[in-house]
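Participant: One structure follows; several queries about it will come next.
The values are calculated or read from the model by the stated rules, or taken from the named source; none is laboratory data. No experiment lies behind these values; they were computed from the predicted model shown. Neighbour counts are summed over all protein chains in view; Cβ atoms, including those assigned to glycine, are modelled from backbone coordinates with ideal geometry.
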Amino acid sequence: MGERRRKAERLRQSGILPWGTDFQPSLSSAEAARRAPAEPGQLGEHASVAGRILRLRSSGGIAFADCSDESGSIQLMAAREDGDGTLVEQMEQLDHGDIVGAEGRLTRTRRGEPSVRLERLTILAKALRPPAAKHRGVVDVEQRYRRRYLDLLSDPSRREIFRQRTEVIRSLRRVLDGRGFMEVETPILQPIPGGGEARPFGTHYNSLDADFYLRIALELHLKRLLVAGFERVYEIGRTFRNEGLSPRHNPEFTLLEAYQAYGNLDSMRELCQALVQAAAEVTRPGAGVPSQQVGISLDPPYPSRSMVDLVRQHTGLDPDRLWGDPERFRQEAARLHVELAGELSSGLVLFAVHDQLVVPQLSGPVFVTDYPIEVSPLARVGRDPRFVERFELVVAGRELANAFSELNDPLEQRRRMEEQARLRAAGDVEAHAFDEDFVQALEHGMPPAGGIGIGVDRLVMLVTGAQSIRDVLLFPALRPIRGGEAPDPQTCSPTPPV
């Protein structure tokens, strides 16, 4: 970095600003390359381009540089025969990574390379550190995530997954907007973290002298809007859960939740299929998923299977036969190496068996239905009082969407929240917090409704073929570096992803 700093200081001493100069390109690099004359040596229109220098070379009194922007790259060239040779000297003083503005005539070299024959070169930003080596990129996997800017700079193809992510989110909005849903925004900082089973992140609101929490779900505020008279609402927003890191979990994630008055589980099933298919179509036309999940199609309709039937099929346990004897149910589950915490009810044992043994085996897509009431305090009871009207969409061994026929009985909701509060007081930090205001809102009357939540990050993983949630987040959560500066991402040895 020392030599680059000295170059920057020499530029400043010669009256050239190393940073902060304005420049307006007239064409992108890709457009300039398309407009270059067809015949080598022919001079075309005047153009100006701007971008980062990623390759430098000289030959026979001519200096060349590749100027790269978001659209692609175009070659810059300066010859000593063009004037006093100043442009060649300027080119030779450039470093890899410098950002420049270039003005000149479009042309094509003898080898057919589209180029800008320079008339003026402007330094826009002197790079004090080099980009990662183009042929190797960022070697260390951890550093790829930690210094994402270098990763994307060294391998522009990796930007594509984030372009696709943007298209996925646009497709979700198109589907919902087209069905009359209204996009809204609800508080991120909340005095009571509700709507999900998760440990929240806490903070202190100084001006109110009160503890607040980053939201763990969007549900309870969106349901308040159903009470208020809005009949179709949705939100796509950042949500936070104070949990561990894994290839499928990041404590900060993007969640879509939508609620439809007078809807139910069937309408949510149809909406879910439309949303997933729309996401697949904008990334993989034909609604297929990438080759890593061979044989999976996202074309609807998706089959539905009850949790009891799936557990019976994949484990050999018969939940209906064991239901009345929770102790024996726990023993049978333990025999299959299911991890259980405490004296769980039959419903909780069923859910644990399903979550640990069944979900990883499901290629899907499949709607898993009939969830135990113990794990669904916000959903309406079904025909069998042991279970609620709920589904989760599972694809490739991952839960992708969660939907309910929503509970709108304020008396039953109060009873279930009180039970959750007792569990919370007994030490279950992920149990639902009691929200008196929400219950009071239901007491004013909420229409019967269907609701759905979709993890946007997991959906992007599915339709792009990404194997880790870190690959679809521009800046995933990472352990802070302690004890000094991070190692050079170009030289440190590879490490496996977390």
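Participant: Among the residues in region 41-48, are any surrounded by fewer than 15 Cβ atoms within 10 Å (Cβ to Cβ), in a loop (DSSP other than H, G, I, E, B), touching a strand residue (DSSP E or B) at 6+ places or on another chain (Cβ under 8 Å) and free of Cβ contacts under 8 Å to residues at least 40 places away in the same chain?
Facilitator: no
Participant: Further question on the same structure: Hey, could you check region 228-252 for residues that are surrounded by fewer than 22 Cβ atoms within 10 Å (Cβ to Cβ) and of a type in the set (A, V, I, L, M, F, W, C) and say which is farthest from residue 406 (Cα to Cα)?
Facilitator: 245
Participant: What about residue 376, is it touching a residue at least 60 places away in the same chain (Cβ under 8 Å), in contact with a Lys or Arg (Cβ under 9 Å, 6 or more places away or on another chain), polar (S, T, N, Q) and closer than 30 Å to residue 446 by Cα?
Facilitator: The answer is no for residue 376.
Conditions tested, residue by residue: (1) modelled with pLDDT of 95 or more; (2) of a type in the set (Lys, Arg).
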residue: 225; (1), (2): yes, no
residue: 230; (1), (2): yes, no
residue: 233; (1), (2): yes, no
residue: 256; (1), (2): yes, no
residue: 269; (1), (2): yes, yes
residue: 278; (1), (2): yes, no
residue: 291; (1), (2): no, no
residue: 295; (1), (2): no, no
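Participant: Applying the selection to region 74-96, what residues are within 26 Å of residue 160 (Cβ to Cβ) and at pLDDT below 95?
Facilitator: Across region 74-96, the qualifying residue is only 96.
Participant: Okay, moving on. How do the strands (runs of 3 or more DSSP E) wholly within region 343-462 filter down when requiring 2 or more residues that are under 30 Å from residue 229 (Cβ atoms): which remain?
Facilitator: Of the strands (runs of 3 or more DSSP E) lying wholly inside region 343-462, those with at least 2 residues that are under 30 Å from residue 229 (Cβ atoms) span 387-395, 398-405, 449-455.
Yes or no, residue by residue, for (1) outside any loop (DSSP other than H, G, I, E, B); (2) more than 38 Å from the chain's Cα centre (by Cα); (3) not assigned by TED's automatic domain parsing to the domain that holds residue 93:
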| residue | (1), (2), (3) |
| --- | --- |
| 6 | yes, yes, no |
| 12 | yes, yes, no |
| 16 | no, yes, no |
| 23 | no, no, no |
| 26 | no, no, no |
| 32 | yes, no, no |
| 38 | no, yes, no |
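Participant: List, please: which pairs have Cβ atoms under 7 Å, are six or more places apart or on different chains, and start with a residue in region 196-220 that is outside the structural domain of residue 249 (by TED's automatic domain parsing) and end with one that is at pLDDT below 95?
Facilitator: none
Participant: Here's something else I'd like to know. Need pairs with beta-carbon distance below 7 Å; first residue of a type in the set (Phe, Trp, Tyr) and within region 138-154, second at pLDDT 80 or above and not in a helix (DSSP H, G or I); sequence gap 6+ or separate chains.
Facilitator: 145/476; 145/478
Participant: Can I ask one more? Looking at region 443-480 only, could you name the residues that are farther than 18 Å from residue 172 by Cβ, touching a Leu at 6+ places or on another chain (Cβ under 8 Å) and crowded, with 21+ Cβ neighbours inside 10 Å?
Facilitator: Within region 443-480, 446, 449 meet the criteria.
Participant: Among (1) touching a strand residue (DSSP E or B) at 6+ places or on another chain (Cβ under 9 Å); (2) within 23 Å of residue 304 (Cα to Cα); (3) buried (at least 16 other Cβ atoms within 10 Å of the Cβ), which single condition is residue 384 missing?
Facilitator: (3)
Participant: Another question, then. Can you name the residue in region 154-201 that is of a type in the set (Ser, Thr, Tyr) and surrounded by 14 or more Cβ atoms within 10 Å (Cβ to Cβ) and, of all such residues, is nearest to the chain's Cα centre (by Cα)?
Facilitator: 171
Participant: Let me ask another. When region 314-342 is examined, which residues are found to be assigned to a helix (DSSP H, G or I), touching a residue at least 12 places away in the same chain (Cβ under 8 Å) and aliphatic (A, V, I, L, M)?
Facilitator: Residues satisfying the conditions are 322, 333.
Participant: As an exercise: evaluate residue 64 against (1) farther than 13 Å from residue 49 by Cα; (2) part of a strand (DSSP E or B); (3) touching a Pro at 6+ places or on another chain (Cβ under 9 Å) and give the number of the one condition it does not meet.
Facilitator: Failing condition for residue 64: (3).
Participant: Among the residues of region 77-121 satisfying the criterion of being under 21 Å from residue 44 (Cβ atoms) and of a type in the set (Ser, Thr, Tyr), which is surrounded by the fewest Cβ atoms within 10 Å (Cβ to Cβ)?
Facilitator: This residue is 109.
Residues are listed down the side, and each one gets a yes or a no for (1) small (Gly, Ala, Ser); (2) farther than 29 Å from residue 359 by Cβ; (3) in contact (Cβ under 8 Å) with a residue 40 or more places away in the chain:
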position	(1), (2), (3)
391	no, no, yes
394	no, no, no
398	no, no, yes
406	no, no, yes
411	no, yes, no
417	no, no, yes
446	no, yes, yes
451	yes, no, yes
457	no, no, yes
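Participant: Further, regarding this structure: Going through region 228-283 one residue at a time, which ones are in a strand (DSSP E or B), among the hydrophobic types (A, V, I, L, M, F, W, C) and within 20 Å of residue 187 (Cα to Cα)?
Facilitator: 233, 236, 240, 253, 255, 256, 258, listed by residue number.
Participant: Is one or more of the residues making up region 161-179 aromatic (Phe, Trp, Tyr), more than 30 Å from residue 222 (Cα to Cα) and in a helix (DSSP H, G or I)?
Facilitator: Scanning region 161-179, I find no residue that is aromatic (Phe, Trp, Tyr), more than 30 Å from residue 222 (Cα to Cα) and in a helix (DSSP H, G or I), so the answer is no.
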